[in-house]
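Report on the following structure.
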Amino acid sequence: SGESGAGKTESTKLLLQHIMNLCKGNSQLEQQILQVNPLLEAFGNAQTVMNDNSSRFGKYIQLRFQENTVQGAKLSEYLLEKSRVVQQYTGERNFHIFYYMFAGLSSEQKEMYGLLDPSYYRYISGRFGTQEVAERWKLKYQEVCNALDMVGFQEQEQVDMQAILAGVLSLGNVTFEPEESNGSVKVSEASQGWLKAAAVSHKKSSQCRVHCSPVNPSVSCCSFCADARDSIAKVAYGRVFGWIVCKINELLAENVDPEVELREIGILDIFGFENFAVNRFEQLCINLANEQLQHFFNHHIFQLEQAAYKEEGLPWETITFNNNEPILNLLLAKPVGLLSLLDEQSAFPQATDKTFVDKLNSSFKGNLHFQPARGLVLGFSIIHYAGKVQYAARGFLEKNRDTLPANVHGLFINSITPLLVPLHIFHESTPTLARVKCGHEAHVFHSSLMVLMERMYSANPHFVRCIKPNSQKEPGVLDNQVVLLQLRYNGLLETIRIRRDGFSWRPSFEEFAER
């Protein structure tokens, strides 16, 4: 664990290498486990203001052993930040793979996928990089291609995958305009070419006149269709990412007798605590995950440890620590925790981000860990274990609903690209652009987080705390104040005290007697 940019992913890679080295083997499986990283980073990492290679998803790697030899591995992924596909903020980029493709594809390949100059594409904000950066990306693209071959993607599957990514970029340039005669919305004349480019994997691309029925009357049809367009892009990208993880798991699955009991080491590399100039729904989810991990750390290092000393009747002066349980209650309590209120508001068609904020302000009045925004700002602040974070509430309800137009399901069913067909979307057969409810995003994330925490609590944990040396992304610079702040809020000063005064090495009575 640690802040964004503290070195969690790099430490994970070093730890994996170390474990593989301790296995004393050089088997193909061990090499494959190490080589899936470039693939995951290309599709799941991006540049943010805090980190040039920030993990925009969480991963849990389970290594399975028999007699100290790795027999298999499994990867679980959490909360891919799909919203990044359709929008990035100042100083940020889309997922690496889009830039790698522009740098690495030949002119003939770009023509095949319908890709033009990167400056044309809204989903990457029309920005690319210097010649020097593009050369680096070109090498990265080759790494990705090698990894795709190694993981077992067929040539046609790789072509399909890149066609989808190119289609996603073209889709972002499709705009809409109203038809004066009947209240319908059509694709604007100026973006017909982009629609054709986006529809390379679809049979019925010309059917682009839509009668829409927004659930909220205050939403214009053009805005509604733009949201639907972005939803399609996010679903398609999420599908590609999920497909990669499935293929990796097929490759790394153990091939042993099911009766044989395997031992396991799990490594959790999850997005770090974030506090940007503007914090949104994604930052709330990320920071909630970090609150859960901090609580897990406190439980093991302080509560269980001191309970064991008390049980054995040892003379012990209780060490107090910063318990973040009240913050978790604020976020997760039912029926009046922040996530419950968000889901409740998301279920009301007439609810807005403002009504959501009003509900928070009335529900958490007087709560020490919640602060209403001042003046006319639409937002709120939460006093997290790592400090105060101010959240901008605009877009919270829309992102939590993460809804997809019902008739879009048909687009995927009719796709000639096999990858897009098995999308598991609940839908209603209706001619209008009705919304599909697939479970609120915060609820889905919280459920998967709970499964992860159950795994954590059933294991014997070791904590690797990554400390960020400075906020400027500079090598070899140690900013004392930045470091001290992290040591304090992580509870590491108290941890040092309990390790110094306590009994950190505990042999069994048998081991002790034998020695």
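The values are calculated or read from the model by the stated rules, or taken from the named source; none is laboratory data. Keep in mind that what you see is a predicted model, and the values were worked out from it rather than measured. Cβ placement follows ideal geometry from the backbone for every residue including glycine, while neighbour counts extend to all protein chains displayed. The area values use the complete protein model at the heavy-atom level, side chains included, leaving out ligands, DNA and RNA. Shrake-Rupley method; radii C 1.70, N 1.55, O 1.52, S 1.80 Å.
Observations
- When the listed pairs K24/K59; K24/K74; K59/K234; K8/K138; K186/K247 are checked against a 27 Å cut-off, the alpha-carbon distance exceeds it for K186/K247.
- Magnitude of the charge dipole for segment 1-142, about its Cα centre and with charges confined to Cβ atoms of Lys, Arg (+1) and Asp, Glu (-1), is about 240 debye.
- Across the options H299, P469, M450, the greatest Cα extent toward the positive end of the charge dipole of the chain (unit charges at beta carbon of Lys, Arg, Asp, Glu) belongs to P469.
- Dipole magnitude (debye, nearest 20) for the chain, charges at Cβ of Lys, Arg, Asp, Glu: 1240 debye
- A convex hull fitted around the alpha carbon atoms of segment 336-416 yields 134 Å³ per residue.
- Per-residue HN-Hα couplings for segment 383-391 [Karplus 6.51, -1.76, 1.60; θ = phi - 60°; Hz; x = Gly/Pro]: 8, 6, 4, 9, x, 7, 10, 9, 9
- Among V245, V482, V185 the positive-end extreme of the charge dipole of the chain (Cβ point charges): V185
- Solvent-accessible area, 1.4 Å probe, carbon plus sulfur percent, for segment 360-407: 53 percent
- FRET efficiency estimate (nearest 0.05) - Cβ-Cβ, L22 to E250, R0 22 angstrom: 0.25
- Accessible surface for the chain, divided over its residues, is 51 Å² per residue with a 1.4 Å probe.
- Only Lys, Arg, Asp and Glu carry charge here, each on its Cβ (+1 for the first two, -1 for the last two); on that basis segment 470-515 has a dipole of about 160 debye about its Cα centre.
- Among the listed values [x] 42, 31, 21; [y] 31, 29, 24; [z] 43, 38, 21, the one matching semi-axes √(5λ) of the Cα gyration tensor in Å as calculated from this structure is [x].
- Estimated [θ] at 222 nm from DSSP helical runs (n ≥ 4, -39500 (n - 2.57)) normalised by residues in the chain, nearest 500: -14000 deg cm²/dmol
- Cα centroid separation, segment 66-88 to segment 231-273 (Å): 5 Å
- The angle separating the long axis of helix 353-363 from the principal Cα axis of greatest extent in the chain is about 30 degrees.
- Separation of segment 138-163 from segment 281-330 is 43 Å, based on Cα centroids.
- Between the amide H of L404 and those of V436, distances stay under 5 Å, these residues lying 5 or more places away or on another chain, with hydrogens modeled in the peptide plane.
- Leading residue at positive end of dipole, segment 1-134 (Cβ point charges), from N68, N51, T130: N68
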